Amino acid sequence: MIYAGIDIGSITAKAALIKENRLLGTHVILTGYNPINAGITVFEALLEKVKISKTDVKAIVSTGYGRASVDFADKAMTEIICHGTGAYFINPNIQGIIDVGGQDSKAILLDKNGQVENFAMNDKCAAGTGRFLEVMAKALEVDLDKMGDFSLKADNPSKISSICTVFAESEVISMIARQEKRKNIIAGIHESAAARVAILAFKIKIKEPVMMTGGVAKNKGMIAALEKRLGFELIVEESAQENGAIGAAVLASKLNPI
């Protein structure tokens with residue numbers, strides 16, 4: 001049987017398919033202004049990619065901030081549960097997860113069976129999220145995908161003291177006016193964001209090994225800043241951005257046991 005997971009995030013929509021405890025494929029698109037259309041589009045695009053029909057899919061679970069918009073899903077489940085399930089599915093040794101998405105960041109602690117034991121979440125402030133990095137990239141006139149490369153070349157990371165995205169952006173603009181090196185400003189941005197995320201990890205006493213998930217896991221500068229702050233290496237899988245959708249697909253398989 002084939003099962004699907006659909007994760008509607010604030011920036012991207014992801015879909016995943018599994019069959020007999022094996023990942024068949026994933027797909028990612030921009031969510032855009034219409035999460036309903038995003039859910040349909042990403043699901044149909046994945047079906048086309050793996051060359052299967054909708055009728056072959058036994059059950060669907062949706063997750064993410066727009067999970068309720070996926071009205072063709074059999075069930076909607078929280079990102080916390082789906083990210084925990086997805087990480088454990090990919091690597092059963094995982095004990096902790098750090099997920100940095102577009103509008104929130106999370107730290108999740110798993111027990112030995114892959115069940116969520118504890119979690120902490122920042123969904124009230126953009127600091128330490130993908131949106132924070134997006135705002136800073138715009139202020140610096142840098143492609144968001146290139147920020148990690150700039151950051152790793154820094155020789156003296158700038159100090160950003162503001163915890164508010166608006167004030168931090170003002171700090172960055174002042175640094176630009178003082179002609180501080182762009183690579184140092186970007187490294188400072190990553191260190192500031194990492195500090196916010198690390199607070200969540202320390203709060204739940206996260207245990208190694210820890211997997212980094214979410215779209216920000218593609219940012220090498222953010223990974224390096226987080227590892228420095230946490231004091232250990234993070235596991236980053238190719239499917240980091242689609243982890244929530246993968247977990248949702250695994251959970252869909254449990255809705256209709258064979």
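The values are calculated or read from the model by the stated rules, or taken from the named source; none is laboratory data. Since we're looking at a predicted model, the values are computed, not measured. Glycine also receives a Cβ, built like all others from the backbone with ideal geometry; neighbour counts cover every protein chain displayed.
A few notes on this one:
- Of the residues in segment 217-227, at least one is within 20 Å of Thr85 (Cα to Cα) and under 15 Å from the mean Cα position of the chain (by Cα).
- Residue within segment 244-254 that is within 22 Å of Val135 (Cα to Cα), β-branched (Val, Ile, Thr) and assigned to a helix (DSSP H, G or I) present: no
- When Thr41, Thr63 are screened for being under 24 Å from Leu133 (Cβ atoms) and not assigned by TED's automatic domain parsing to the domain that holds Asp111, only Thr63 passes.
- Those residues of segment 160-201 which are over 25 Å from the mean Cα position of the chain (by Cα) and on the phi < 0 side of the Ramachandran plot, in sequence order: Ser170, Glu171, Ile173, Ser174, Met175, Ile176, Ala177, Arg178, Glu180, Lys181, Arg182
- Count - residues of segment 204-258 that are more than 16 Å from Asn91 (Cα to Cα), surrounded by fewer than 21 Cβ atoms within 10 Å (Cβ to Cβ) and in contact with a strand residue (DSSP E or B) (Cβ under 8 Å, 6 or more places away or on another chain): 6
- Residue ranges of strands (runs of 3 or more DSSP E) in segment 15-109 with at least 2 members surrounded by fewer than 22 Cβ atoms within 10 Å (Cβ to Cβ) and either at pLDDT 95 or above or on the phi > 0 side of the Ramachandran plot (or both): 22-30, 57-63
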